[in-house]
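The numbers here are math on the coordinates, done by the rules we state, and not lab data. Because the structure is predicted, anything quoted here is derived from the model rather than measured. Virtual Cβ from ideal backbone geometry, glycine too; neighbours counted across all protein chains shown.
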Amino acid sequence: MSNIKAGKILLLSGLLLLLPKRAEAMHIMEGFLPLTWAVFWSLLSLPFLIIGVISISRRLRGNPQLKLLFGVAGAFAFILSALKIPSVTGSSSHPTGVGLGAVLFGPWAMSLLGAIVLLFQAILLAHGGITTLGANIFSMAVVGPFVAYGIYKLAKGLKLPGGIAVFAAAFWGGLATYMATSLQLALAFPAETGGYIASAVKFLSIFALTQIPLAVSEGLLTVIVFNFLQAYSQQELSLLNIEQGRFQQ
């Protein structure tokens with residue numbers, strides 16, 4: 001990437017300064033989960049982070065010029081997932097931004113990038129929390145990227161156009177994150193009547209359904225950014241074997 005393009009990325013990242021210091025969007029907030037569940041999700045997320053470190057180290061060892069592209073993927077997820085958008089149910093939702101990194105680098109690398117994004121949001125924006133970090137990592141940085149990558153591979157196998165494949169990956173990655181979060185909350189807070197199932201239906205109806213229009217918007221924006229990278233960062237994409245919207249691996 002040229003210095004001009006890097007400057008544009010930094011300028012875009014600078015817009016984060018306009019965000020409020022506290023957000024109430026659908027990261028699980030600090031102290032909300034019982035300790036048992038907070039520990040459980042942290043331990044469950046840990047192997048993905050370890051493998052993510054290995055995956056990124058392997059990528060950068062032979063191609064250090066990919067560092068800026070990693071930064072773009074991380075900044076994209078940071079900006080989108082820090083947005084707070086009120087939903088029709090009275091809650092609030094946000095895009096996740098994990099689809100782009102999953103398509104570019106695979107789900108393991110995006111798990112680590114997503115964890116870093118969530119950590120900085122918890123510290124800098126009070127968005128999410130430290131005790132709930134493991135749960136938020138599992139939903140947004142594990143489930144989201146793996147679903148996005150799986151959908152992308154499926155679309156590629158069906159020989160769908162690259163733009164459609166990227167859109168589908170971002171759409172389902174964002175939606176799967178909210179479905180996972182809803183199930184996490186249902187497990188932690190079963191309903192008095194109906195238990196886990198009733199609680200899951202309640203949380204899914206509040207969060208997952210209202211995420212659909214945001215997932216559509218995220219899919220379209222991800223396609224735009226992906227096309228921009230294809231136009232101006234072809235050398236970096238060639239190192240990842242990405243050509244004309246297709247991810248060869």
The range 117-128 - phi-based ³J(HN,Hα) in whole Hz, Karplus 6.51/-1.76/1.60, Gly and Pro as x: 4, 5, 5, 5, 5, 5, 7, 8, 10, 6, 9, x
Starting from 0.36 nm per residue, how many nanometres of slack lie between residue 212 and residue 126 once their C-alpha separation is accounted for? 28.5 nm
Based on Cα positions only, what radius of gyration and what Dmax would you give for the range 28-247, in angstroms? 17.1, 57
Quick note on 51, 224, 137, 206, ordering by fewest other C-beta atoms within 10 Å, gives 224, 51, 206, 137
Output the peptides 118-130, 96-108, 190-202 sorted from most to least packed, where packing is the average of other Cβ atoms within 10 Å over each peptide's residues. 96-108, 118-130, 190-202
Among 144-155, 60-71, 178-189, 207-218, what's the highest-first ranking by average C-beta atoms within 10 angstrom per residue? 144-155, 178-189, 207-218, 60-71
Can you work out the Karplus-derived ³J(HN,Hα) for every residue in the range 174-187? Use 6.51 cos²θ - 1.76 cosθ + 1.60 with θ = phi - 60°, whole Hz, and x for glycine or proline. x, 5, 5, 4, 6, 5, 5, 4, 4, 5, 4, 5, 5, 5
Quick query: amide H of residue 93 versus all other amide H atoms, modeled in the peptide plane; which residues come in under 5 Å with a sequence gap of 5 or more or a different chain? 85, 87
So how much slack lies between residue 53 and residue 241, counting 0.36 nm per residue of separation and subtracting their Cα-Cα distance, in nm? 65.6 nm
Residue by residue through the range 41-46, which ³J(HN,Hα) values in whole Hz follow from phi under the Karplus form 6.51 cos²θ - 1.76 cosθ + 1.60 (θ = phi - 60°), with glycine and proline marked x? 5, 5, 5, 5, 7, 4
